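**Q** Encoded as structure tokens, here's the structure I'll be asking about.
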Amino acid sequence: MSIFALDPLDLAALLCSRVCHDVISPVGAIVNGLEVLEDETDPEMRNFALELIKKSANTASARLQFCRLAFGAAGSAGASIDTGDAEKVARNLFVDDRTTLDWNAARVLMPKNKVKLILNMCLIAAATIPRGGVITVSIMDVEGQTQMSVNTKGSHLRLADHVPALMAGEPKTEHVDAHGVQAFYTGLIARECSMDINAQITPDFIEISARSGAACAAQAAE
């Protein structure tokens, strides 16, 4: 099956819609908190509003910083990104009282598209543990041959049926919407990096992995 081609303008619009969806909730909560402060005189309610504003502002900031690396240009063509920066934005976005991030990767400079790929793989993986769990990120990069994986463990593990096909660039309905564009975009980045991306689903864990063509061939020969 041939790779589905999405019009560049449609792709840009759908990605913008995805980013807006991620930040509109905390921004709306900030607005609500400010309205309470404007009208409320009760100290307890004002403290509640301030806490709501603080928490929502932190959430909006974490999501925007993540999106800047995962979807944005983040530098000129050919630029590299510090994987430590990727780890930082991932921790700010995913880690809470229900979710733990285990980042197993040395801090190095990597081509920006490979960093964007691992962050988008993290987004897909995080959606598989709606009630929290453990996200384990592994990256190995030797002489340009890269292997990366994001493994999730937790209760109620589930990978949406359409995700593997979208990552492969073969949407089942020959259509990509705002709900599926992030998985489709992840596949686009993988192919741009000359990497094969796959999903492994078991009762105990779900793993999203990507390997350079040479690395993938070497593993198959073992």
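Here, each number is a calculation from the coordinates, and none is a lab measurement. It should be emphasised that the depicted structure is a prediction, and the values quoted were computed from it without experimental measurement. Note: ideal-geometry Cβ built from the backbone for every residue, glycine included; neighbour counts use all protein chains shown.
**Q** List, in order, the whole-Hz ³J(HN,Hα) value for each residue of the range 144-155 obtained from phi through the Karplus relation with A = 6.51, B = -1.76, C = 1.60 and θ = phi - 60°; use x for Gly and Pro.
**A** Computed from phi, the couplings for the range 144-155 are x, 8, 10, 10, 9, 8, 10, 10, 10, 9, x, 7 Hz.
**Q** Say R0 is 30 Å: what FRET efficiency, to the nearest 0.05, do Asn198 and Asn32 get from their beta-carbon distance?
**A** With a Förster radius of 30 Å, E is 0.10.
**Q** Using mean Cβ contacts within 10 Å as the protection proxy, how do 94-106, 145-157 order, highest first?
**A** Order by mean packing, descending: 145-157, 94-106.
**Q** Find how many whole Å separate the alpha carbon centroid of the range 38-114 from the alpha carbon centroid of the range 127-143.
**A** Value for the Cα centre distance between the two parts: 16 Å.
**Q** For the range 20-28, just list the computed ³J(HN,Hα) in residue order, Karplus coefficients 6.51, -1.76 and 1.60, θ = phi - 60°, integers in Hz, with x standing in for Gly and Pro.
**A** After applying 6.51 cos²θ - 1.76 cosθ + 1.60, I find 4, 4, 6, 9, 5, 5, x, 5, x Hz.
**Q** Just checking my list [x] 164; [y] 125; [z] 150 against volume of the Cα convex hull per residue in Å³ computed from this structure; which label fits?
**A** Evaluating volume of the Cα convex hull per residue in Å³ on these atoms matches [z].
**Q** Further question: Take the Cα of Lys55, step 7 Å along the line toward its Cβ, and report every residue of the range 86-108 whose backbone nitrogen sits under 19 Å from that point.
**A** Label zone hits: 92-100.
**Q** If you don't mind, another one. Does the range 100-222 classify as rounded, prolate or oblate by the C-alpha gyration tensor (a ≥ b ≥ c root eigenvalues; a/c under 1.5 gives rounded; else a/b over b/c gives prolate, otherwise oblate)?
**A** Oblate, because a/c is 1.5 or more while a/b does not exceed b/c.
**Q** Could you check which residue among Glu87, Glu44, Glu192 shows the biggest mean-square fluctuation in a GNM of the chain with a 10 Å Cα cutoff?
**A** Glu44
**Q** For n ≥ 4 DSSP H runs only, could you compute -39500 (n - 2.57) per run for the chain, divide by its residues and tell me the 222 nm figure to the nearest 500?
**A** Rounded to the nearest 500, the figure is -17000 deg cm²/dmol.
**Q** What are the residues whose amide H is under 5 Å from the amide H of Thr100, where those residues sit 5 or more places off or on another chain and H is modelled from the backbone?
**A** Residues meeting the criterion, in which the H sits 1.01 Å from N, are Gly133, Val134, Ile135.
**Q** Now for a different question. Can you pick out the pairs among Lys55/Lys153; Lys112/Lys172; Lys54/Lys88; Lys88/Lys114; Lys55/Lys112; Lys116/Lys153 whose Cα atoms lie more than 25 Å from each other?
**A** Flagged as over cut-off: Lys55/Lys153; Lys112/Lys172; Lys55/Lys112.
**Q** Ok, one more. Applying the Karplus parametrisation 6.51 cos²θ - 1.76 cosθ + 1.60 with θ = phi - 60° to the phi angles of the range 45-57, what ³J(HN,Hα) value in whole Hz is obtained for each residue in order, glycine and proline being reported as x?
**A** Per residue, the Karplus-derived 3J(HN,Hα) values read 5, 5, 5, 4, 5, 5, 5, 4, 5, 4, 5, 5, 5 Hz.
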